[in-house]
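Enquirer: Sending over a structure as structure tokens; questions will come in a sec.
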Amino acid sequence: PDTISYTSVLSVWATSSLPDAAWRAESILEHMQHLYEDGNEEVRPNVISFSAVINAWSQSREPYAAERAEAILDRMQSLYEGGDELLKPNAICYNAVIKAWGRNSQKNSAEQAERVFRRMTELYETTADEELRPNRVTYNSLMNCYARSSDPSALSKAESILNKMQTSESKRDQPDTISYTT
């Protein structure tokens, strides 16, 4: 098996409804990483491998799923900063972590999602890397977090995001049906 084979399996686990799917995906990613570190270049994890595992956690019902998704993103960022160019996080990765916080039932989940959003935005602004640019999915996921929040300021924060989307000149930021129904 090679990276494509392993990543295909990770993608299947990411969409699985089995209770341990995210753990299984993370375990496979760990196995890939160990094989690669032991010299097997054919199974080198890439951004797609990592994002599949982050997505698996974003779909999970585990109470700590958001923390696990963010930990995978953090590890990915660390490996990228350590020189692994194949592991540069992108908007897809950040969006999945924000989505994971939106599905989380912790009291401060919206704040955690907002923190991840700020991190993403700061990286985009400092690097001008279009792959990190927040987009409609980012904004919809963040509004979903606010919709589920008990924070009294959540409604105004969601409205502020929607207004920003409505006045954006970029088509990729324009609101869609999901934006209006969140």
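The values are calculated or read from the model by the stated rules, or taken from the named source; none is laboratory data. Just so it is clear, the structure is predicted and the values come from calculations on it, not from any experiment. With ideal geometry, Cβ positions are generated from the backbone for all residues, glycine too; neighbour counts draw on all protein chains shown. Just the protein is used for accessible areas: all its heavy atoms, side chains included, with ligands, DNA and RNA removed. Shrake-Rupley method; radii C 1.70, N 1.55, O 1.52, S 1.80 Å.
Enquirer: Hey, what's the per residue convex hull volume over the C-alpha atoms of the chain, in cubic angstrom? Display every interim value, and only then the final one.
Expert: On the way: hull volume 20.9 nm³, N = 182.
Value for the chain: 115 Å³ per residue.
Enquirer: Let me ask you something else. Using 0.36 nm per residue, how much length does the chain from SER150 to LEU86 gain when fully extended, once their Cα-Cα distance is taken away?
Expert: Working: separation 64, 0.36 × 64 = 23.04 nm, distance 3.88 nm.
Between SER150 and LEU86, full extension yields an extra 19.2 nm.
Enquirer: On C-alpha positions alone, give me the angle between the axis of helix 21-37 and the longest principal axis of the chain, in degrees, nearest 10.
Expert: Between helix and principal axis, roughly 50 degrees.
Enquirer: Can you give the relative contact order of the chain as a percent, counting alpha carbon pairs under 8 Å and 6+ residues apart? Could the numbers behind the result be given before it?
Expert: Details: 263 pairs, mean separation 28.0, N = 182.
Relative contact order, the chain: 15 percent.
Enquirer: Kindly provide the helix-only [θ] at 222 nm of the chain, computed as the sum of -39,500 (n - 2.57) over DSSP H runs of four or more divided by all residues, to the nearest 500 deg cm²/dmol? Working shown, then result.
Expert: Numbers: 9 runs with 123 residues, N = 182.
Helix-only estimate at 222 nm: -21500 deg cm²/dmol.
Enquirer: Compute the helix-to-body angle for 47-59: its Cα long axis versus the longest principal axis of the chain, expressed 0 to 90° and rounded to tens.
Expert: 60
Enquirer: Considering only protein heavy atoms, what per residue accessible area in square angstrom results for the stretch 35-78 with a 1.4 angstrom probe? Spell out each step's value before the answer.
Expert: Details: 1960 Å² over 44 residues.
That works out to 45 Å² per residue.
Enquirer: Another one. Can you check what the net charge comes to around ASP173, using other residues whose Cβ is under 11 Å from the Cβ of ASP173 (Lys, Arg +1; Asp, Glu -1)? Mind showing how you got there, number by number?
Expert: On the way: positive: ARG133, ARG136, LYS164, LYS171, ARG172; negative: GLU169, ASP176.
Charge balance in the 11 Å sphere: +3.
Enquirer: Quick check for me: using +1 on Lys/Arg Cβ and -1 on Asp/Glu Cβ, what's the dipole size of the chain about its Cα centre, in debye to the nearest 20?
Expert: Details: 19 positive and 27 negative charges, 187 e Å.
Computed charge dipole of the chain: roughly 900 debye.
Enquirer: How large are Rg and Dmax for the stretch 1-94 when calculated on the C-alpha trace, in angstrom?
Expert: For the stretch 1-94, the Cα radius of gyration and maximum Cα-Cα distance read 12.3, 36 Å.
Enquirer: Measure off, as a whole percent, the carbon and sulfur share of the 1.4 Å-probe accessible area of the chain, all protein chains present. Kindly include the intermediate steps, with their values, before the conclusion.
Expert: Details: 5050 of 9560 Å².
For the chain, the apolar C and S fraction of the accessible surface comes to 53 percent.
Enquirer: Return the whole-Å distance between the Cα centroid of the stretch 1-18 and the Cα centroid of the stretch 32-64.
Expert: A separation of 9 Å, based on Cα centres.
Enquirer: On to the next question. Which FRET efficiency, nearest 0.05, do ALA71 and SER16 yield, Cβ-Cβ r, R0 30 Å?
Expert: Working: r = 20 Å, r/R0 = 0.67.
Here the calculated transfer efficiency is 0.90.
Enquirer: With the other protein chains left in place, how much accessible area per residue, in square angstrom, belongs to the stretch 92-180 at a 1.4 angstrom probe? Mind showing how you got there, number by number?
Expert: On the way: 4850 Å² over 89 residues.
The answer is 55 Å² per residue.
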